Structures are given as structure tokens and as C-alpha cells.
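The values are calculated or read from the model by the stated rules, or taken from the named source; none is laboratory data. In this text the structure is predicted, and so the values were computed from the model without any measurement. Virtual Cβ from ideal backbone geometry, glycine too; neighbours counted across all protein chains shown. Surface areas here come from the heavy atoms of the whole protein model, side chains and all, with no ligands, DNA or RNA. Shrake-Rupley method; radii C 1.70, N 1.55, O 1.52, S 1.80 Å.
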Amino acid sequence: MGCGMRKSEPKLKKCDRVSISVPAATAIRAALLIQRWYRQYVARLEMRRRCTWNIFQSIEYAGQQDQIKLYSFFGHLMDHFTPACSERNLISHIFRENEICRDIEWERYFCYKSVEVADSYSGPHLTFPMTFCGVSKLVEAFKHKQQLHARYVLQLLGETWRLLRILPNINHVSTCHTKEITICGDLHGHLEDLLLIFYKNGLPSLEKPYVFNGDYVDRGKNSLEILLILFGFLLLYPNDILLNRGNHEDHIVNLRYGFTKEVLGKYRVHGKKILKLLQKIFSWLPLATVIDQKVLVVHGGISDTTDLDVISRVDRHRYVSALRPPKRSLTVNGDKNQTINEEVFGQMEGRRRVCSLTYQSPVQKFNIPQRRSLHNLPISSQLNWTVEEELKRRRRQAGFNQSYGEPKKSDSDSDPESGEPTETDENEWKQIVDVLWSDPMPQNGCMPNEVRGGGCYWGPDVTQEVLEKHNLQLLIRSHECKQEGYEFCHDRRVLTIFSASNYYDLGSNRGAYIRMGPDLVPHFVQYQASRTGIELSLRQSVGHTERSALRSLRQQLFAHKSDLISAFQEYDSENTGLISQSQWASATEKVLNLGLPWRVLRPQLVSSMKDGMVDYHKWIQELSITEPKLEISDTSILETMYKNHSNLETIFRIIDTDHSGLISLEEFRQTWKLLSSHLKMDISDKAITDLAHSIDFNKDGSIDINEFMEAFRLVDLSAHTE
């Protein structure tokens, strides 16, 4: 029974003990060598993993910056071109988000009662008010890949919109001895992660409250299902399910990152109405949650100007897209159609523009003294505006929402582009952008976030200042994918939580969520949803993710091949076709501007070496990427297409106002004119016409934009040979 030595076993002699001491020492040395080798092996894997991570993240942030630049270009068209300008007319509709603004018209437009449910429909049938049984059936249906009928989608979204309108900008929730609050980060359409969280942690209930911290949509395939599940639980437990807005809860961002395409693909008949209703819902999502008056939960972060008192008073529904700077519209000489915007005042002051979404825009910061901003207004207009401003200030002090209690606006959601007088200014807009888009940095200070193009980078000193100002002890945010699903910074006073596992690719990262009790100490639960049911080893996981990242990087390199060759030739004055490895790295970073360790990546990207020099002509030919063969007169247009694939698709979806998936040849031409204007380059009309006719395969005078984007898809041959 025991594990000791039995009496019958003979004792070892001294010589025997000496004879086995030599093998023991050898074994120890061998163990140390194995341990050293293993540590080096793990270190190399970790280095590869971090390098892969940098590739994915750099490409992601570059795409976000491109989207913001494109939308800023659209805003420039709206602000500086006449209404008759054809380019302006093409994109003007995206700035009139609240065309249907009266509640009566709104209810009529989105009425679900006219949508019939066929007898053949086998999905869940929802009843309202929502019940736990109904939401559970919805979860189960989505788990088995069933689709909810459009009638119930519209009805569920309509009820959600009504509820969100009465919620404050900042939700407050308290823990107690019997409750733990669960906090989840970005989900990005990964339904399997949400289902795994519910499986491990339990469904939301009165005893199990949840905070979901934005970015429910885009990138993944089941964004709409996630929204419907969360909205269902919100209707069931409005005090225990808290939903914050993320930077992807924005219809302009959705045009680029897949949510628009997802909804239209699932609901071809009613998809446009669903998207329009979701625009409204996104603008009404609360901006923050505070737990026990001590823990602040926001999607992105803060800045040195963040003020929770200001955020709590902002008319959040005015910001249907947080990418659009506000415009102050004032009635001039009694003419509602004649407006004075902030840009005019900014030009009068001669203020310099700086780079960033919140620092560089068509609209300048409005901080001119009141006597100058109203200098040219008649006395009556000054008095009316001052009285209206004072009334709004009093309503805010009393805690009333600005959309209610006003005779002329009680039935509407005011639109900052509608020409009605508003109190919205750029300071409030910046508060929202910083909350949705900002990232922490290790250095002290606060600076524009030029990597993403929006929000700011803030340091530990800003964290301390904001938390102390509002008597808080911890800031929980999301917005950034982390390899382990969470990460502390700023002396453990800032915590990032990210709940979408396998975000970049299978095995790229874990997801996590937080459990927090009355002691307000965060406890983490990590997981990794397996899409294939096969568990990968660390080596397999790193290898798979690394191959995927390198494929994406090769596409970026191939798309910029002409620019790369020009950059290489600057170092190759004698036209030998050879440059050094450091010159290759410098030129590549100069063209792509991704901030990657190119020297470390060089062995995995470049095999065309000659005496330690890079044969760049041969390397360009060996990128293992093929291109479609279209018979057009100007082949340079193909490379323009590769470099601006996402921008062009975004413009297409903006121009395709009826969401039919088709655009006319003339619209196609205008699309390319918009793109060329944005890129400040010339593309001949003949080249555009040739391209349009070559893509119009059935010669019906229209282009299927989905087929068009697929026709230009780059193919990485290495993906089929591994």
C-alpha cells in the first residue's frame, strides 16, 4: 500500500552508489541542455508570434486610416462643392442619415405589420413583450444556423430603438454580495465566442448581469445574430444588460468592414430598412458604463480633455456617424436655408489645421468669442438664440433629454445636417470620438492617434488625472485585440478586454471576459473557440497564423509593386538590379508605411539573393500572386485597383443607394472619378470606359459590383502549394 522501500530490498553498496552517480550527472546536464533548447525554441516561437501579430495589426490600422481619409474626402466634397456638383450628389445621401426624422413617419416606414410570415417559415416566432423562453429559442436557433424572419427582425429592432431612447449616455450599475458583473469586449460578428461565453458563464439574467463594450459587428459572419441576441436580452432585462457603443457601430465603418454586405446578403428584400433602423439604434447606444461609481467602462478610451459630465449631457443620437464633424447651423436673417458653419469662423481666426480625425477636418474648432461669432447677426436673432441656448442649459441641469419637452422637436431626432439650430459643437464631438477611438500609450502625454486616424493616444498621467477627477479607480476598455484576450497597462489602472478569439486567423489570439464582484477585482476567463473542432499545438497555431499573415503582407507588397521598384531604383543608381538588405528594408517601409521589422521578415519574404544583395526585379516576380487578365488599354489602372480595393468597394456601396448590387456604366465612371479625385491622380476616361466594358460580361449596361470585386481579387499561389 505504501510507497516506501520494502525491507527485503538489499541496501546499495558504496561502490554501487558511485557507479550510478556518473549517469546521474550526465542526466542533469542533458536535462539542462534540453531545457535551454526548449526555452530557445519557445522564444523563437514567441518572436514569430509577435512579428505575425504586428503584421496583422499594422494592416488593420492602415485600413482604418484609409477609411477615415476617404470619409474626410467625402466631407470635403460636401463642404466645398456646389449642390449641383455630380460627385457631391453621388455621396450626399450618406450625410443625410436622418431623412426620416419624425416619429410618425419613422413608425410608418419601418412598420413590420405589413411583412407576412409564410407558413413554410420554420424559424423562431417571437412574441412581445420578450420572454426568457423567446430569447432562449432565438439563441438556440442561431446556434443551429437558422435565420430569423424579417418581420421579427424589424419588430425586435423597433422595440430596441424605443428602449434605447430613454437610456442615459452613461449607464450606472451596482454590484452586491450575491452578484458578479460580467464584462465582455469586442465580438466582431464571432457568434461562436458569444455562445461559448454563455455556455461557460451562463445566460444573462437578473442574477447574472452583463456589460458588453461595443464592436458587436463587422469582420465576422454573424454580426446581425449577435445584435439580435443582445437586443433580445436587453428588452428582457433592461437594467442588467448594458450595451456600450463601439467605433464599429457606425454605418460608414460598416460599408468597409462587412456588416452592410452581411445584412443585405441575408435580407435582400428588407435589408435596406433593417440597415436604416440599425443606423438609428447605433446612434442611441450609451457611450459608457460606470460600476459602483469606481470602474469606468468605455470602448476606446479617454483623452486629456475627457469630461464625463460633458459626455453625460451630449445629445448622442446626433452622431449617427462619429466620423463626421459637427456643423453649427444658425438662422441668418430669418432664412433657415442660409447657415453659418464653424469653418467660416475658423477661417476668420486663421487657425492652423493639424493631422487627426479630431484635429484635421473641414470644420475648425469653434472657440471664437461670442461677440465676434454673432457680430453680423441681427439683434433679434441674437436674443432668440441666447434664449434657446439658456433653455437647453436649464433642461440639462434638470436632467431632461434634449429631444423631449420641446414643442417643435418632440417628434423628431434632430439631424445636425438638417439646418435646424443646434447646440452641438466640436468639443462634444471630440469627446465622443476620443471615447470610441482612442488607445493607451506607455509614455506620458496625449497626442493624436495618427495610426488609426481617429481619437488619441493617452499616457499614464492622463489616466491618473481623469480617474482622480471623477473619483474612479479603474478604466476598462476594449478596441484592441490582445493575444491573451486581456492586458493591463498604466500601473494596472487601465485594462483592455477583447472577447473575439481567432480574430485575425485561427489560433491568432484567445478571447476573454471579466468577472467582477463587490471588491471590484477583475477575474479573467480565457478561451479559444475552435471552428474546426481540432485543437492545434503551439507550433501548429503559430505556423498557421504566420502563413496567413505573410499571405496578407505579400498582397500588400504586390499591390505596391510599381512604387516599390521606383523606391528600390533610388538606391540602385547604376541600375544593377541589386540593393542591400538594409536598403530593401528602408525602401519597403517608405512605400508601405506599416512600421514592421522588415529585416526580421526578409528571410520569409525574399529568396532572390545574390552575394548577400537583394535581386529586387526577380523578387517582385516571385511574390507568388497572380492577377486577373482584363483586356484594357491602361494596365496601370489594375494596380490602382489593387491598392485601393477596399476604398473602391466602399464607394461602390455608397453609390449603390438601392442596395441592388448593380451600378450603371455611368455610375461606374463616376466611381472611378471619385477615387481618382481622392487619390489626386489622373485616370483617363478611355481607360475607365475600357475597364467598364470589359467587366460588363453580359453587356446589359450594368455591373454587378460583387462580381466586379471578385474579378479583381488577388490570388496567392502559395496558399495552394503549402
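For this structure, a couple of remarks:
- Verdict on MET681 being part of a loop (DSSP other than H, G, I, E, B) and modelled with pLDDT under 75: yes
- Under the condition of being farther than 14 Å from ALA500 by Cβ and in a loop (DSSP other than H, G, I, E, B), the residues counted in segment 176-227 number 13.
- Annotation for segment 210-225: no member residue is closer than 19 Å to GLU159 by Cβ, of a type in the set (S, T, N, Q) and over 14 Å from the mean Cα position of the chain (by Cα).
- Flag for ALA567 being at pLDDT 90 or above and within 30 Å of LEU472 (Cα to Cα): no
- Residue match in segment 21-29 (condition: at pLDDT below 70, over 30 Å from TYR257 (Cβ atoms) and more than 23 Å from the chain's Cα centre (by Cα)): yes
- Test for LEU475: is it of a type outside the set (Val, Ile, Thr), touching a residue at least 12 places away in the same chain (Cβ under 8 Å), touching a helix residue (DSSP H, G or I) at 6+ places or on another chain (Cβ under 7 Å) and within 27 Å of ALA549 (Cβ to Cβ): no
- Residue identified as modelled with pLDDT under 95, surrounded by 13 or more Cβ atoms within 10 Å (Cβ to Cβ) and under 25 Å from VAL42 (Cβ atoms) among GLN581, GLN556, GLN528: GLN528
- Qualifying residue in segment 643-657 (condition: outside any helix (DSSP H, G or I), open to solvent by less than 70 Å² (accessible area, probe 1.4 Å), at pLDDT below 85 and farther than 30 Å from VAL263 by Cβ): no
- Count of residues meeting criterion [touching a Phe, Trp or Tyr at 6+ places or on another chain (Cβ under 9 Å) and open to solvent by 10 Å² or more (accessible area, probe 1.4 Å)] in segment 202-219: 4
- Enumeration of residues in segment 454-475 that are open to solvent by 10 Å² or more (accessible area, probe 1.4 Å) and assigned to a loop (DSSP other than H, G, I, E, B): HIS470, ASN471, LEU472, GLN473
- Of residues in segment 37-87 being of a type in the set (Gly, Ala, Ser) and more than 29 Å from the chain's Cα centre (by Cα), the one nearest to ASN509 (Cα to Cα): ALA43
- In a residue-by-residue description of segment 242-261, the property of being more than 26 Å from ASP66 (Cα to Cα) and at pLDDT 95 or above applies to at least one position.
- Scanning segment 170-189 for residues that are open to solvent by 10 Å² or more (accessible area, probe 1.4 Å), at pLDDT 95 or above and either under 22 Å from the mean Cα position of the chain (by Cα) or of a type in the set (Gly, Ala, Ser) (or both) yields one hit, ILE170.
- Single residue of segment 267-298 satisfying the filter (β-branched (Val, Ile, Thr) and not in a helix (DSSP H, G or I)) that is surrounded by the fewest Cβ atoms within 10 Å (Cβ to Cβ): VAL269
- Among the residues listed as LEU623, LEU594, the single one being open to solvent by less than 50 Å² (accessible area, probe 1.4 Å), at pLDDT below 85 and closer than 26 Å to LEU679 by Cβ: LEU623
Residues checked against (1) surrounded by 15 or more Cβ atoms within 10 Å (Cβ to Cβ); (2) at pLDDT below 95; (3) part of a strand (DSSP E or B); (4) out of contact with any strand residue (DSSP E or B) (no Cβ under 6 Å at 6 or more places or on another chain):
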residue	(1), (2), (3), (4)
THR496	yes, no, yes, no
TYR504	yes, yes, no, yes
GLY507	yes, yes, no, yes
PHE524	no, no, yes, no
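- Filter pass, PRO421 being buried (at least 20 other Cβ atoms within 10 Å of the Cβ), assigned to a loop (DSSP other than H, G, I, E, B), in contact with a helix residue (DSSP H, G or I) (Cβ under 9 Å, 6 or more places away or on another chain) and at pLDDT below 85: no
- Residue match in segment 533-542 (condition: hydrophobic (A, V, I, L, M, F, W, C) and at pLDDT 95 or above): no
- Subset of segment 697-713 that is in a loop (DSSP other than H, G, I, E, B) and modelled with pLDDT under 75 - its residue that is surrounded by the fewest Cβ atoms within 10 Å (Cβ to Cβ): ASN698
- Number of positions in segment 559-578 that are open to solvent by 40 Å² or more (accessible area, probe 1.4 Å) and at positive phi: 1
One line per residue, one yes/no per condition, for (1) over 30 Å from PHE498 (Cβ atoms); (2) assigned to a helix (DSSP H, G or I); (3) in contact with a helix residue (DSSP H, G or I) (Cβ under 7 Å, 6 or more places away or on another chain):
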{"residue": "SER122", "(1), (2), (3)": "yes, no, no"}
{"residue": "MET130", "(1), (2), (3)": "no, no, yes"}
{"residue": "CYS133", "(1), (2), (3)": "yes, yes, no"}
{"residue": "GLN146", "(1), (2), (3)": "no, no, no"}
{"residue": "ARG151", "(1), (2), (3)": "yes, yes, no"}
{"residue": "LEU157", "(1), (2), (3)": "no, yes, yes"}
{"residue": "LEU163", "(1), (2), (3)": "no, yes, yes"}
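- Cβ-Cβ under 7 Å pairs, at least 6 apart or on other chains, segment 189-205 side without any contact (Cβ under 8 Å) to a residue 60 or more places away in the chain, far side of a type in the set (S, T, N, Q) and open to solvent by 10 Å² or more (accessible area, probe 1.4 Å): LEU191/ASN222
- In the set (1) within 17 Å of the chain's Cα centre (by Cα); (2) within 30 Å of GLN473 (Cα to Cα); (3) at pLDDT 95 or above, the condition left unmet by SER283 is number (3).
- Out of PHE142, PHE132, one residue alone is aromatic (Phe, Trp, Tyr) and crowded, with 19+ Cβ neighbours inside 10 Å. It is PHE142.
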